[in-house]
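Below: one structure, written as structure tokens.
None of the figures in this text is laboratory data; all of them are computed from the coordinates on show. This is a predicted model, so every value here is computed, not measured. Quick reminder, even Gly has a Cβ in these numbers, built from the backbone with ideal geometry, and neighbours come from all protein chains shown.
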Amino acid sequence: MIENNELLTKIEEWKNEIALNDKHIHFAFLEIFIEFEKFLANSFLEYALGEKGKENYRPTRRVEFYDKEHFEGLLKCDKQYIDYIKKIQEVKKFIFTETNCPFNKVFSSSEFLSTFKRMQVIRNFIAHQSEESKNKYIKKVLEPSGISTFIKVETFLKRINRQKSISNYSI
């Protein structure tokens with residue numbers, strides 16, 4: 001059964017930590033986002049294999065796979081690593097029926113998808129701290145947010161989103 005317990009636990013851990021000291025909010029963001037990506041990848045794998053989610057939810061599949069090895073072999077092709085997030089976006093429509101795909105909310109809604117992509121840019125900048133990731137952070141996160149000069153990720157995450165009256169990507 002597909003569970004999100006690890007993701008919820010990680011959120012609670014950081015929620016308590018950030019309440020005491022928000023100096024490391026960028027690490028909280030990184031760990032929670034990575035846990036969210038793992039949850040999406042595990043959900044994709046389990047739903048594709050016909051597993052049930054909470055409350056016995058099981059999306060209608062268009063194809064059946066023999067087992068995990070069969071499914072991952074198809075996704076891997078000749079690569080060593082499976083980029084599940086990219087694969088979900090590419091092949092979800094071939095695995096699940098359009099009306100019953102559990103990943104449409106995240107990857108087909110322009111609002112959710114653009115937010116998710118900005119979050120990936122932030123995650124990459126926190127993790128890599130490269131000039132390339134910094135430039136993407138400026139161009140794809142700061143500039144669209146109306147911020148014309150570079151600010152640290154932790155400063156950006158703590159800023160109030162005027163449209164929602166909460167901080168950017170609040171926990």
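Full extension from Asn16 to Gln80: what is 0.36 nm times the residue separation minus their Cα-Cα distance, to one decimal in nm? Intermediate results must be reported in sequence, preceding the final value.
Details: separation 64, 0.36 × 64 = 23.04 nm, distance 3.73 nm.
Result for the pair: 19.3 nm of gain on full extension.
Using a basic spin-label model with each label point 7 Å from the Cα along Cα→Cβ, how many nm lie between Lys134 and Lys23?
About 2.3 nm, to one decimal.
Within a Cβ distance under 14 Å of Asn124, other residues only, what is the Lys/Arg minus Asp/Glu net charge?
Numbers: positive: Lys86, Lys117, Arg118, Arg123, Lys134, Lys136, Lys139, Lys140; negative: Glu37, Asp83, Glu131, Glu132.
Net charge around Asn124: +4.
Can you give the calculated 222 nm mean residue ellipticity of the chain, where each DSSP H run of n ≥ 4 adds -39,500 (n - 2.57) and the sum is split over every residue, rounded to the nearest 500 deg cm²/dmol?
About -17500 deg cm²/dmol.
What FRET efficiency comes out for the pair Glu143/Glu72, r = Cβ-Cβ distance, R0 = 45 Å, nearest 0.05?
Details: r = 38 Å, r/R0 = 0.84.
The pair Glu143/Glu72 has a calculated efficiency of 0.75.
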